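A quick write-up on the structure given underneath.
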There are 4 protein chains.
Amino acid sequence: MTNTATLLISCPDRKGLVAAIANFLYTYDANILHADQHQDEAENLFLMRVEWDLADFKLDMNAFSAAFQPIAERFCMDWRIKLSSRKFRMAIFVSRYDHCLVDLLHRWQSGELQCDIPLIISNHEDCRRHADFYGIPYYVIPVGGNNKREAEAQQRALLEEHGVDLIVLARYMQVLSAEFCAAYPRRIINIHHSFLPAFDGAKPYHRAHERGVKLIGATGHYVTEVLDDGPIIEQGVIRVSHRDTIDDLIQKGRDLERMVLSRSLRWHLDHRILVCGKKTVIFD
Amino acid sequence: MTNTATLLISCPDRKGLVAAIANFLYTYDANILHADQHQDEAENLFLMRVEWDLADFKLDMNAFSAAFQPIAERFCMDWRIKLSSRKFRMAIFVSRYDHCLVDLLHRWQSGELQCDIPLIISNHEDCRRHADFYGIPYYVIPVGGNNKREAEAQQRALLEEHGVDLIVLARYMQVLSAEFCAAYPRRIINIHHSFLPAFDGAKPYHRAHERGVKLIGATGHYVTEVLDDGPIIEQGVIRVSHRDTIDDLIQKGRDLERMVLSRSLRWHLDHRILVCGKKTVIFD
Amino acid sequence: MTNTATLLISCPDRKGLVAAIANFLYTYDANILHADQHQDEAENLFLMRVEWDLADFKLDMNAFSAAFQPIAERFCMDWRIKLSSRKFRMAIFVSRYDHCLVDLLHRWQSGELQCDIPLIISNHEDCRRHADFYGIPYYVIPVGGNNKREAEAQQRALLEEHGVDLIVLARYMQVLSAEFCAAYPRRIINIHHSFLPAFDGAKPYHRAHERGVKLIGATGHYVTEVLDDGPIIEQGVIRVSHRDTIDDLIQKGRDLERMVLSRSLRWHLDHRILVCGKKTVIFD
Amino acid sequence: MTNTATLLISCPDRKGLVAAIANFLYTYDANILHADQHQDEAENLFLMRVEWDLADFKLDMNAFSAAFQPIAERFCMDWRIKLSSRKFRMAIFVSRYDHCLVDLLHRWQSGELQCDIPLIISNHEDCRRHADFYGIPYYVIPVGGNNKREAEAQQRALLEEHGVDLIVLARYMQVLSAEFCAAYPRRIINIHHSFLPAFDGAKPYHRAHERGVKLIGATGHYVTEVLDDGPIIEQGVIRVSHRDTIDDLIQKGRDLERMVLSRSLRWHLDHRILVCGKKTVIFD
């Protein structure tokens, strides 16, 4: 793997932005691999992703922040820098359905998902054998009745202990509290089994079947405190017909969920997503 | 074109149904071209579409009803018979956007849509030249403020006068009254520019843009008195991204609207649709 | 699971066929669950699939053949009967790529694929741990240089010993001999990683990349003695762009391969496929 | 419409490229609207598209070439500049099938295609009425037997006379000579009715039907002297089944052809395409 740095920038759109950034990188002899930008007219925002090879880069990355600060201030940038050598530490939350979990773990082992997975958290024992197969610690924290606050405290302690900076809800069937969501802004990715905003909330396949839709969908999105309302990262659909029972919908949907979730996740891991208001900009 | 008859049946599911129908047709030497059936478990309904060549058929179609009645009664059938020689008489309603209208007229002239189009009704003059080009009478009935009741009376008089038995709303931007809808049950087809049930009602492209969805859709459906709530016939989606403005969505959506509307319409014209509760069964 | 029988019929198209079959089933009180038929005009063939519940069926299935024979002879039918209680015994062939194998095994354990898997055969050790996890015997038979004849003899002995009646090539990177293919007519399913007939043969992703296509595909098909030329069961495509490297194509393609192979396989297991000349009829 | 300039660049990849271009534009106070770039690793090429608002631009566009030349030379650039005020002059070639022609003309009149259409050339009279409706001169030049050389001479005289710089083959059923193709490099766009490279050449729908594919496609591409072998701009597919006759394939294919051709064309008109070897880079 090439050792790279990725700079993500969001700021008010102004002339001279690209020149300032390009000059800064050229000064230190950066070999730019990818550069993408987007102007959001409604918000008058300039968004940019630039990735360069660190092999020839003449600036020590520890000094990057200080060196880039003058430009960042001049243009009022909201920015962050990501090194490919510094992997995300990702926790997977799962309940009883194992198809997304198994898919993520296999992709991870195949090298498709560049991250560490220090732990899996579940409210059930069911998926432990998959965690064991891939050698990942599996913690069961039952959730029910009145213990949500307590359960979340346990979960957050585990996350902190393992230095987690990204959470994937792989069909985790519990709603997280507003406090929990607020503690991980844009760092919790959920897969919802409908094409949002249709069928948000519970039992989307049943409601899709009842309504008689001809397509079912899945949506990968960041979790915010309003259920199924966070910025959408990716969506997919698959055709269904009157011949499909609810069980058929659930089965067809599993394929969608796997693909949409893993694609959403990969974009996050590759630092390809910027959130702009309620929307995502995907630099693919 | 082969001269055919199509029998559409809906009834409680019981043993012996297929045998009874097949024997009846065989008695009169029918050469069956297509036969499709579907069991709806939730409603315990049996639905069937059977189409046969009339060339060798030994029963005069004027006598069909009397001959079939005993079987229909025995199985409590809701049934209808359609002859390919008897074309639908279809009215098109349109406002200012002409893309669906132009598409339908061209398909009609190419022989893709087997129907007569005795008239086009609009609340604006804009599309008249297309009607003229294809030689179809074009009536303008302005709708606004308080004249909806009056306008609908004029529309219905025209429809009756022209023997219309199918209405297509080709991006007609007015909401029809409950009375109007009730007068044409399952005989009004609308194209809605979203993947229903998401973004029902007004300005779906604007709301889709605001929500940041990654797919936009279109839905062909039968019109009922509840807005955008009728049985769905067909749906399609197309991918969009953060780079797409509202105008881009509108433009991409036009392609979808044309395809989904014409496909919905073709299935209706070919007698391929049975409505079962709030859903459609499409015998394609 | 409902205990059902499925009758698959292929014969010259003639009047009275449906009536004869429906009457036969009605005589023994069959509760028909699904019935589909198709007329192939070019070949003048009638193809039918009918599935019924065995709960009330008044004919002992051991006597079915004798009872149905007169009808079969009268209409010159090529027919077979399949019982849901009699599962396919499926062997999986795999080389080093494990993504299709892992996907099939997980679907199998989830109950999505109704079959037994008595063994997995590979020319490499790599995938053994997955076989172990799911508790399926794993046999390694190296293939190379001049030992193909010998290797196939070993493979066929194993298949016979385990009573295998269906073989899935889950990215098995060896070409089977004509003799091997002939021994399992329409009982070997392969996934080819292109939209056939484009890019048949070796290295389709590389050639797709070189040609600059905007879509890549995958094809599930029956294996015949001509490479990548057997009847196509299912195909899928996914969008690619100039930004995609060969590695990106390979990764995107894996998702396609999994979906298309498992769908092809499920249709076979559910007795939904009839082969008609070089084509398949899929009764979905 | 905003008055913009678009700069398209292709050159060997080197450090400092983006900085040099960004600085040049910033010097003249360009308000950059869109900037996209791509590195082709195999060819070690850097490709860029940058579009800016001319409202505040301090450099007279007549002087642009001279001002930009030093940078272009330093980086060995193959470059061109396009002004939104300078529309393409596009000729449409058509035979008897009118669906692509009608679609293009309607999109053009709706403002979806920003170009002038000074003439339509056909080898048949059939489509004249559509040309008349949209007020575009229609020339019939019969092609057959031995007169191709002569016919092409007439065609080229007309194209020259009308200052044509883009030719669209809207299902024009004649093969252009190598000389003709060479005279309009990357300026002839064709729609081929298959997913190339499958079914290149004649009668693709018939061959697709015969092969029993489950998807049919359409391909928009630049025409080169080798038939159906030019750089692919866009592709689409649609699902078909055993129930579809050749006529059904042709009908379904028409929808695809219209969409794929118009999309290919729009990208060309918006200066979004760079050709790199045998492939296209689409800056969407």
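The values are calculated or read from the model by the stated rules, or taken from the named source; none is laboratory data. Treat the numbers as computed from the prediction; the structure is a model and nothing was measured. Quick reminder, even Gly has a Cβ in these numbers, built from the backbone with ideal geometry, and neighbours come from all protein chains shown. Quick note on the areas: whole protein, heavy atoms, side chains included, nothing else; ligands and nucleic acids left out. Shrake-Rupley method; radii C 1.70, N 1.55, O 1.52, S 1.80 Å.
For this structure, a couple of remarks:
- The distance from the alpha carbon centre of region A:153-179 to that of region A:24-79 is 31 Å, rounded to a whole number.
- This model, with +1 at the C-beta of Lys and Arg and -1 at the C-beta of Asp and Glu, gives the protein assembly as shown a dipole about its Cα centre of some 0 debye.
- The Cα atoms of region D:153-251 define a convex hull whose projected area, averaged across directions, is 6.6 nm².
- Long-range amide H partners of B:Leu33 with built H, under 5 Å: B:Glu51, B:Trp52, B:Asp53
- Along region D:215-227 the Karplus relation, 6.51 cos²θ - 1.76 cosθ + 1.60 evaluated at θ = phi - 60°, assigns HN-Hα couplings of 9, 10, x, 9, 9, x, 8, 6, 8, 10, 6, 8, 4 Hz to successive residues, with x for each Gly and Pro.
- The dipole here belongs to region D:4-83: it is taken about the Cα centre, uses +1 on the Cβ of Lys and Arg and -1 on the Cβ of Asp and Glu, and is about 180 debye.
- Backbone geometry of region C:260-266 corresponds, through the Karplus equation with coefficients 6.51, -1.76 and 1.60 at θ = phi - 60°, to 3J(HN,Hα) couplings of 5, 5, 5, 5, 4, 5, 4 Hz, x marking Gly and Pro.
- Taking A:Leu33, A:Leu169, A:Leu274 as the candidate residues, the one with maximal mean-square fluctuation in a Gaussian network model of chain A, Cα springs under 10 Å, is A:Leu33.
- Contact order normalised by residue count of chain B, Cα under 8 Å, 6+ apart, percent: 15
- Probe 1.4 Å, accessible area per residue of region D:36-117, Å²: 45
- Cross-link check: pairs C:Lys214/D:Lys278; B:Lys15/C:Lys58; C:Lys214/D:Lys15 evaluated at a Cα-Cα cut-off of 19 Å; pairs beyond the cut-off: C:Lys214/D:Lys15.
- Using equal-weight Cα scatterers in the Debye expression, the normalised intensity of region C:225-278 in log10 at q = 0.16 Å⁻¹ is -0.63.
- In region B:88-282, inverting the average of 1/r over every pair of distinct C-alpha atoms gives 17.0 Å as the Kirkwood radius.
- Selected from C:Cys11, C:Cys100, C:Cys127 as most flexible by GNM, with chain C as the system and alpha-carbon contacts under 10 Å: C:Cys11
- Residue-by-residue Karplus 3J(HN,Hα) for region D:7-15, coefficients 6.51, -1.76, 1.60, Hz, glycine and proline x: 10, 10, 10, 9, 6, x, 6, 8, 5
- Apportionment of accessible area to carbon and sulfur, region D:88-282, percent (1.4 Å): 49
- Selected from C:Ile233, C:Ile32, C:Ile120 as most flexible by GNM, with chain C as the system and alpha-carbon contacts under 10 Å: C:Ile32
- Computed [θ] at 222 nm, deg cm²/dmol, chain C (DSSP H ≥ 4; -39,500 (n - 2.57); rounded to nearest 500): -10000 deg cm²/dmol
- Amide H to amide H, with H built 1.01 Å from N, D:Gly236 comes under 5 Å of D:Ala218, counting only residues 5 or more places away or on other chains.
- Positive-end extreme of charge dipole, region A:13-53 - chosen from A:Ala20, A:Phe46, A:Ala35 (charges on Cβ): A:Ala20
- Here region C:4-83 has 46 percent of its accessible surface on carbon and sulfur atoms, given a 1.4 Å probe and all protein chains in place.
- Think of region D:198-262 as having a plus end and a minus end, set by charges on the Cβ of Lys, Arg, Asp and Glu; of D:Thr245, D:Leu227, D:Ala198, D:Thr245 sits farthest toward the positive end of this dipole.
- Label-point gap, in nm, between A:Asn147 and D:Arg80 - each point 7 angstrom along Cα→Cβ: 7.0
- Distances from A:Ser85 to itself in the other copies, using label points 7 Å out along the Cα-Cβ axis, amount to 5.2, 6.7, 8.5 nm in increasing order.
- Relative contact order, percent, region A:4-83 [alpha-carbon distance under 8 Å, six or more residues apart]: 48
- Heavy atoms of the protein chains alone define the surface here; on that basis region B:144-284 has 37 Å² accessible area per residue at 1.4 Å probe size.
- Cα-centre dipole for region C:165-284 with unit charges at Cβ (Lys and Arg positive, Asp and Glu negative), debye to 20: 300
- Electrostatic bookkeeping for A:Asp284 treats Lys and Arg as +1 and Asp and Glu as -1; over the other residues with beta carbon under 13 Å from its beta carbon, the sum is +2.
- A simple spin-label model places pseudo-atoms 7 Å from Cα toward Cβ; at D:Asp53 and B:Ser110 they are separated by 4.1 nm.
- Minimum 20 Å² accessible area buried by the other protein chains, region C:19-34 residues, probe 1.4 Å, relative to alone: C:Ala19, C:Ala22, C:Asn23, C:Tyr26, C:Asp29, C:Asn31, C:Ile32, C:Leu33
- The residue in chain B that lies nearest, by its beta carbon, to the axis linking chain B with chain D is given here with the distance in whole angstrom as B:Phe133, 3.
- When region A:88-282 is described by a simple charge dipole with +1 on each Lys and Arg Cβ and -1 on each Asp and Glu Cβ, the residue from A:Leu215, A:Leu274, A:Ile117 located farthest towards its positive end is A:Leu215.
- Protein heavy-atom accessible area occluded, D/A pair - total, 1.4 Å probe, Å²: 1600
- Occluded residues from region D:204-244, i.e. those whose accessible area drops by 50 Å² or more once the chain is not alone (1.4 Å probe): D:Arg211, D:Lys214, D:Leu215, D:Ile232, D:Gln235, D:Arg239, D:His242, D:Arg243
- GluC sites (Glu not before Pro) restricted to region A:1-88 and DSSP loop, no more than 11 other C-beta within 10 Å: A:Glu41
- Taking label points 7 Å from Cα along the Cα-to-Cβ direction, D:Lys278 and C:Ala42 give a separation of 2.9 nm.
- Take A:Gln109, move 7 Å from Cα toward the beta carbon, and the resulting point lies 1.0, 6.2, 6.3 nm from the same point in each other copy, nearest first.
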